[in-house]
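To keep things clear, I will list the structure first and then write my remarks on it.
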Amino acid sequence: MARAMWTGALSVGLVTVPVGLYSATEDHAAHFRQIQRGTSDRVRNRRTNERTGEEVDFQDIVKGYDLGDDQYVVIEPGELDEIAPGRSRVIEVSAFVDLAEVDPIYFQSCYYLAPRGKEFTPVYGLLLEALEDSGRAAIATFVMRGKQYLTAVRPAGRVLELHTLHYADEIRDPVEDLPSLPERSASDPGQLRAARQLIDALTTEWRPEAYHDAYRDRVEELIDSKRAGKQIVTAASAPDATNVIDLMEALRRSLDRAGTAPATDGADGGHGGHGAEAPRRRTAAKADRTAAARAPQPDLSALSKAELYARASELDLPGRSRMSREELVEALGRVAHPRRKAVA
C-alpha cells in the first residue's frame, strides 16, 4: 500500500475534504552506488566544515543566504515554518480553467490525491464528478517541504490528479536566452512539402504503452553481460547534423524509410520512384529475419537474459523489453518453431 507523502485538505469555497498526496509515477532506472575502484568499499558523502574539515551533525546545520564576500543571512528551519504560507496544510482552490489553455511548459510533476478515509469519499466523489462535468481543472496552491506550489487539479477516471506547475517568472524567454533561433521566414516549398509529408507518414494515435526506456534496457544488458563476463557491445554513435545542402536528400531518404514516396512536381525533379524501394527493403529485411529464425537454434534455456534480449532485438519481437527471461525463452522458441503454441 502506498504511503502519503503529504496530508492536508482540498478546499473549494466552503467545501473541504481531507486528502493525502501520493506520487503518481515510479522510477525504474537502474541505480548505482559509489564504490572505490578495485574494491567493494562504499564511498559515502559526509557533511563537513569547509574550513576545518570536521564532520558536522545535521542538527547543527542552518541555512545561509549568500550576500557575497563571505557574508550570510542565517535562517533557522523554524523561522521558515513560521512564515510559510498555507500553514494549515490546505490545497486552496482559487480558480477553474480549461486545462487545454495551460502550456505544457508549466507542468512539473504529477501526483494523486486520495480521500483520507471512507467517510470522506462522498465529498471527494462529488468534487471529482463536478470537475468531470465542467471539463475544467482547479488551480490551487499548497505548501510542502517549505515551498509553496502552484498546482492544477484535474479528474482522471476515479481519482483526482494534482500537477505541480511552474510560476510564470520561472519560465525563460527563448528569444532572449537562447542563441541562433531561426527567423520566421518562408521555407523552401519543396522542402516544406516533404517535411509535412514525413510528419503525416509518421503520425499515429498516442499509445504510451508502445514506448519504453531503451537506454534502461541497454544498462540492464550491460549489467547482465558484465556479470556473465561477456563482451560489451558499444551502441551506435549519434548521427551527424544535417546541413542545408543535404536537407532535401535527407527528407527523401526519411520518406523512403517511412514507406512513402516524396511528393513531386516539376520543381522537385520527379523522384517519385523512391517510394517503391521502401517496400522492397522491408520485404528483404523480413526475409532476413525469417531466415535467421529458421536457422539451427542453440539451447535457449542456457542463454543469459542479455543474450536472449539481443536475439529478440534481431528478430524485432514486439514487447521484448517487458518480458522476463522465461518469457523471452518462450517467445524465441515460438519464432524458431512457428507451429508450437503458447502455453495458456
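Scaling the Cα radius of gyration of segment 121-173 by the globular reference 2.2 N^0.38 Å produces a ratio of 1.33.
What's the whole-number percent of alpha carbon pairs in segment 1-77 lying beyond 14 angstrom?
Within segment 1-77, distances greater than 14 Å cover 81 percent of Cα pairs.
Distance between the C-alpha centres of segment 209-231 and segment 117-171: 38 Å, rounded to the whole angstrom.
Report D for segment 61-186 in µm² per second (integer): Stokes-Einstein, Kirkwood Rh on Cα pairs, 37 °C, 0.692 mPa s.
184
Taking the alpha-carbon distance from Lys147 and a cut-off under 20 Å, which aspartates and glutamates remain once sequence neighbours fewer than 8 residues away in the same chain are dropped? List returned: Asp66, Glu76, Glu79, Asp81, Glu82, Glu92, Glu161, Asp169, Glu170.
Students often get this wrong: which residues of segment 43-66 have the backbone nitrogen under 18 Å from the point 7 angstrom along Cα-to-C-beta of Tyr167? Only 65-66 pass the distance filter.
Ratio of Rg to Rh for segment 1-130: 1.10 [Cα atoms; Kirkwood radius as inverse mean 1/r over pairs].
The alpha-carbon atoms of segment 167-220, seen along their principal axes, cover 43, 38, 22 angstrom, with the largest extent given first.
We did not get these values from a lab; they are worked out from the coordinates using the rules stated. Keep in mind the model is a prediction, meaning the values are calculated, not measured. No Cβ is skipped: glycine too gets one built from the backbone with ideal geometry, and neighbour counts run over all protein chains shown.
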